[in-house]
Amino acid sequence: MEGLEELEPQPLNAGACSMFLWSQSEARPVFVFVALANPAEARVRRNGRDRILRRTAADGQSWHGHFETQTFADELMTIETDLRFSTTRQLRDGAVIEGGVIRVRDREGWETIVPVNGMVACQR
């Protein structure tokens, strides 16, 4: 199974809150995941193609419409995010994600675990 690829910069529309995640590689952080609160979906890039996955589950505390644990899926893969939001590092109209993991599972059951950091940002 191949991992997630770098995404192009993503717009943040007025009134929207999005979650942005970067993989933590040895060379440099790579922007690999964005999730929207409304509609509740995620965007990733895999095998040279952008994919949109619908949120199918959410649990834990909500930060601007995003949760500590979320699941997104389409017909080819499932992505689970398990994140640790900072309670000490404050952002105006957002939240810092101190760390966590993305679990990418394909329909054959292969799983890749990606360590991530990131943020939730809202455009007012």
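No value in this document is a laboratory result; all are computed from the given coordinates. What you see is a predicted model, and the numbers here were worked out from it, not measured in a lab. Quick reminder, even Gly has a Cβ in these numbers, built from the backbone with ideal geometry, and neighbours come from all protein chains shown.
Here is the figure for segment 32-70: residues that are surrounded by fewer than 19 Cβ atoms within 10 Å (Cβ to Cβ) and either of a type in the set (D, E, K, R) or on the phi < 0 side of the Ramachandran plot (or both) total 20. Whenever a residue of segment 1-21 is touching a residue at least 24 places away in the same chain (Cβ under 8 Å), its partners that are part of a loop (DSSP other than H, G, I, E, B), lying with C-beta atoms within less than 6 angstrom and at least six residues away or across chains, give the pairs 1/110; 12/123; 14/123; 16/123; 17/37; 17/64; 17/65; 18/12.
Is it the case that residue 82 is more than 18 Å from residue 116 (Cα to Cα) and either without any contact (Cβ under 8 Å) to a residue 40 or more places away in the chain or in a strand (DSSP E or B) (or both)?
no
Could you list, in sequence order, all residues of segment 75-124 that are among the polar types (S, T, N, Q), within 11 Å of the chain's Cα centre (by Cα) and under 19 Å from residue 58 (Cβ atoms)? Result: 81, single match.
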